[in-house]
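A short write-up of the structure that comes next.
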Amino acid sequence: MQATQTPYDILILGASGFTGKYVVREALKFINAPSSPLKSLALAGRSTNKLAQTLQWAAYPSPPPSIPILTADISDPPSLHRLCSQTKLVLNCVGPYRLFGEPVAAACANSGCDYLDICGEPEFMERMEAEYHEKAVKTGSLLVSACGFDSIPAELGLMFNSRQWKSPAVPNRVEAYVSLESDKRIVGNFGTYESAVLGVANAQKLQELRRSRPKRARPLIPGSPPPRGPMIEHQKKIGLSAVKLPSADATVVRRTLSVLTENPGGFPGANESSEAKEKREAFWSTVKPAHFGVKIGAKSLLGIYRFIIVGRFIGFLSGSAFGRWLLLKFPSFFSLGFFRKKGPSEDEVKSAAFKMWFVGHGYSNSNLVSRGDSKPDMEIITRVSGPEIAYLTTPIILVQCALILLCQRENLPHGGVFPPGIVFGATDLQHRLHENGISFDVISRSVLSP
Ligand SMILES: NC(=O)c1ccc[n+]([C@@H]2O[C@H](COP(=O)([O-])OP(=O)(O)OC[C@H]3O[C@@H](n4cnc5c(N)ncnc54)[C@H](OP(=O)(O)O)[C@@H]3O)[C@@H](O)[C@H]2O)c1
């Protein structure tokens, strides 16, 4: 943890990027606002010109506030160390993280300042944990990836569902179904597409990394693992057809559940009061682990076939250098219009929204599990919903995580590399998201016929 005399509370690195500029816009809402812990903000990146334009865009229609602009380049580690010595917290919006993330995480871990990012790349996250956890524990730097749509709705959404299972009821599995909605086109920027393509291309490296690491603790989940099921599922209750979504969410949630298995009361805060300790332990005692998976849903089969075709293009072509070149040269064509070099227009962003349904199956009484052959007899459906995922929801989440770091740092782990759920689960993040337009609702509870 940095001493409090560092000039900036938050520094946004990669602020000139497509997502970065929306993060700046979100952060400006809180600077010097009443009761906001955010008193000083700086922007950083390679080009002062672009950063000045970002500030102008983000502040519009107000004139750009006077916010310091600092230059730094990922390929110049001393420039990153200079940034870290000037801030309590870096929000890293420079991706793909597999290409650009490590020097930033390393600079934060070495200097002791905190670090959050919006990465959705499991290999990067797990590699940073392997490489920098020990160092970060020593320096008191808290490094948390996936503080965006990847993977906070999944992490908090699973916890929210699992906490609805009041004893003696227990969940066995929760399947999340993401549904994207808009009356305009749903479009993502090239940066996310490139991160996804490179992630699929390097899937083997993630497996190698996992094989080289100690086995993670497995949570004790009542009942058998869920059956595989068909490739396309028709979820009548929520009116969606769905296919597996190979996003980071399931792997991030599994990491959190594994950490929780080893630390059933969560992690002690760096300097928490006995009241905060009691609250934290009480929270985690209500979170029950469950098998977890994520699917992407659409109202029509045609929508599902579009997802499958894009997945096949990326899966098939990302394996060779020429295939990757084709995918990255013609993003719009190979993503069937889901991604564009220039990203979505502001209108497209404004008109989009998401719903993430959590369909939980479990047992009305944990005694049923010991009978061996018994199937789940209870279903609880919950939902997380909010605005457009990448440029509205992600900045809201990232900025709220940052504000929690600023005002509740004593209740968070001293230092280390962690998945977001275990760090923010027991804080007021869910409440903060709710207040900023991302809601958590219980939809139904029902008894399943045998
Ligand atoms: N978690 C989520 O749900 C979520 C949502 C949205 C985005 N993301 C992720 O966020 C990342 C960024 O996406 P994006 O669409 O915003 O990409 P982008 O528009 O390409 O922005 C990339 C940013 O990185 C900066 N950068 C690149 N190379 C750099 C270097 N050598 N030194 C310093 N800065 C450098 C760029 O600076 P210049 O302006 O100088 O080029 C730009 O500011 C991607 O990995 C994406 O997957 C995640």
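Listed by chain and number, the aspartates and glutamates whose alpha-carbon sits under 20 Å from that of Lys21, ignoring those within fewer than 8 places in the same chain, are Asp9, Asp73, Asp117, Asp150, Glu194, Glu346, Asp347, Glu348, Glu388. For Ala290, no residue has an amide H sitting under 5 Å from its own, ignoring neighbours fewer than 5 places away on the same chain, with H placed 1.01 Å from N. By other beta-carbon atoms within 10 Å, ranking Cys108, Cys113 with the fewest at the front produces Cys113, Cys108. Here the scattering of the chain is modelled by Debye summation over its C-alpha atoms, one equal scatterer each and no solvent; at q = 0.12 Å⁻¹ the log10 of I(q)/I(0) is -1.04. Backbone phi angles across region 172-181, fed through the Karplus curve with coefficients 6.51, -1.76 and 1.60 (θ = phi - 60°), yield HN-Hα couplings of 10, 8, 10, 10, 9, 10, 8, 10, 9, 10 Hz in residue order; Gly and Pro are listed as x.
Please tell me the relative contact order of the chain in percent, rounded to the nearest whole number, where contacts are Cα pairs under 8 Å and at least six residues apart.
Numbers: 910 pairs, mean separation 99.5, N = 450.
Relative contact order, the chain: 22 percent.
Taking the inverse of the average 1/r across all pairs of different Cα atoms in region 268-405, what Kirkwood radius in Å do you get? Answer for region 268-405: a Kirkwood hydrodynamic radius of 19.9 Å.
For the residue pairs Lys295/Lys329; Lys166/Lys355; Lys237/Lys355, the alpha carbons lie more than 22 Å apart in Lys295/Lys329; Lys166/Lys355. Of the Cα atoms belonging to region 47-184, the radius of gyration and Dmax stand at 18.9, 60 Å.
Using just its DSSP H runs of length 4 or more, each adding -39500 (n - 2.57), the chain gives a mean residue ellipticity at 222 nm of -12500 deg cm²/dmol after division by all residues.
Read the figures in this text as sums done on the coordinates, not as results from a lab. Small disclaimer: the values here were computed from a predicted structure and weren't measured. Note that we place each Cβ from the backbone using ideal geometry, even for glycine, and neighbour counts take in every protein chain shown.
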